[in-house]
1. Of the conditions (1) among the β-branched types (Val, Ile, Thr); (2) under 22 Å from the mean Cα position of the chain (by Cα); (3) outside any strand (DSSP E or B), VAL102 satisfies every one except a single condition; which number is it?
2. Pairs, please: C-beta under 8 Å, at least 6 apart or cross-chain, first residue in contact (Cβ under 8 Å) with a residue 60 or more places away in the chain and within 11 Å of VAL103 (Cα to Cα) and in the range 62-89, second in a loop (DSSP other than H, G, I, E, B) and among the aromatic types (Phe, Trp, Tyr)?
3. Kindly provide the set of residues from the range 77-99 that are acidic (Asp, Glu) and part of a loop (DSSP other than H, G, I, E, B), ordered by number.
Amino acid sequence: MFNNLLLAAAVSIPVTPLCAPVLAENIDSPKTVPTVSAPAAFSAALSGGDNPPSMYLAVRSINNNIACRNAARSKYFEVGARDMSSSDNNSQWGTVGSMQAVVWCRDTQAIIVVAGGSGNSAEELRDTITKAF
């Protein structure tokens, strides 16, 4: 009986010369995978330089979303931001130098995020925006 099991196992293993080329063949996926680029906040930092990208966060209490949006926009104008989001958006975006800043006015909190290549500058910008709240 044991010999019959070995014989059955040996027969089920393909040993024909056709197996080797099939197994060694390169198979390409028919589905293309898109490449994902880095977010704009980190593109300047990833393009070169000695400093790795940095991100600084802060959370402050707010009374309402409208006051939060207005405070964020006035601070962005004060620091000379460009490429800002629309005034009625609860996430206020702006670009200051090579840094990207966002203030997300969420319920009773303003979530402040600054990303950029220079840690000291990003931290300073975060602290400046935080003073608006």
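1. Unmet condition: (3).
2. So the pair list comes out as CYS68/PHE133; ALA71/PHE133.
3. Step one: filter the range 77-99 for residues acidic (Asp, Glu), giving 78, 83, 88.
ASP83, ASP88, listed by residue number.
Every number here is computed from the coordinates shown, using simple stated rules; none is lab data. On a predicted model such as this, the values are computed, not experimentally measured, just so you know. A quick note on method: Cβ atoms are made from the backbone with ideal geometry, for glycine too, and the neighbour counts reach across all protein chains shown.
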